[in-house]
Amino acid sequence: MVKVLLERKIKGEHVSEIIRLLRHLRVLAMQQVGYISGETLHDVDDPNYYLVISTWETLEHWRDWFNNPERKKLQEQIDGYLGSPTRMRVFTY
């Protein structure tokens, strides 16, 4: 099993749009083989800082999703609204 952490700093004026895109991304991820769970958190001291944690059955399942063209397209849209690039880290037990 793997956990993927995605850290994003959203530009203040685009929060509603990024939340819409993140929700869409979550809906698509939930339909992927190997997806177990996910959650989106925002920092209480910085509401524009988001942490997305997803859990996958295997690293291969995560990689399949990471390389999915629809995910990539949404990620490009998300990146356009960020104050800095998405930081991604993958952990295993």
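Observations
- Every condition in (1) assigned to a helix (DSSP H, G or I); (2) aliphatic (A, V, I, L, M); (3) in contact (Cβ under 8 Å) with a residue 24 or more places away in the chain is met by Val27 except one, and the failing one is (3).
- Leading residue by the ranking (farthest from the chain's Cα centre (by Cα)) among those in region 37-68 that are closer than 14 Å to Leu5 by Cα and β-branched (Val, Ile, Thr): Thr55
- Scanning region 47-93 for residues that are free of Cβ contacts under 8 Å to residues at least 12 places away in the same chain, exposed (fewer than 13 other Cβ atoms within 10 Å of the Cβ) and farther than 15 Å from His24 by Cα turns up Asn67, Gly80, Pro85.
- Of residues in region 30-61 being within 18 Å of Leu82 (Cβ to Cβ), out of contact with any helix residue (DSSP H, G or I) (no Cβ under 6 Å at 6 or more places or on another chain) and in a loop (DSSP other than H, G, I, E, B), the one modelled with the highest pLDDT: Asp43
- In the set Tyr35, Tyr50, only one residue is touching a His at 6+ places or on another chain (Cβ under 6 Å) and not hydrophobic (A, V, I, L, M, F, W, C); that residue is Tyr50.
- Test for Tyr35: is it surrounded by 12 or more Cβ atoms within 10 Å (Cβ to Cβ), aromatic (Phe, Trp, Tyr), in contact (Cβ under 8 Å) with a residue 12 or more places away in the chain and more than 15 Å from Lys9 (Cβ to Cβ): yes
- If you go through region 5-24 and keep only what is in contact with a helix residue (DSSP H, G or I) (Cβ under 8 Å, 6 or more places away or on another chain) and assigned to a helix (DSSP H, G or I), you end up with Ile18, Leu21, Leu22, His24.
The values are calculated or read from the model by the stated rules, or taken from the named source; none is laboratory data. Please read these numbers as outputs of a predicted model, since none were measured by experiment. Note that each Cβ is placed from the backbone with ideal geometry, even for glycine, and that neighbours are counted across all protein chains shown.
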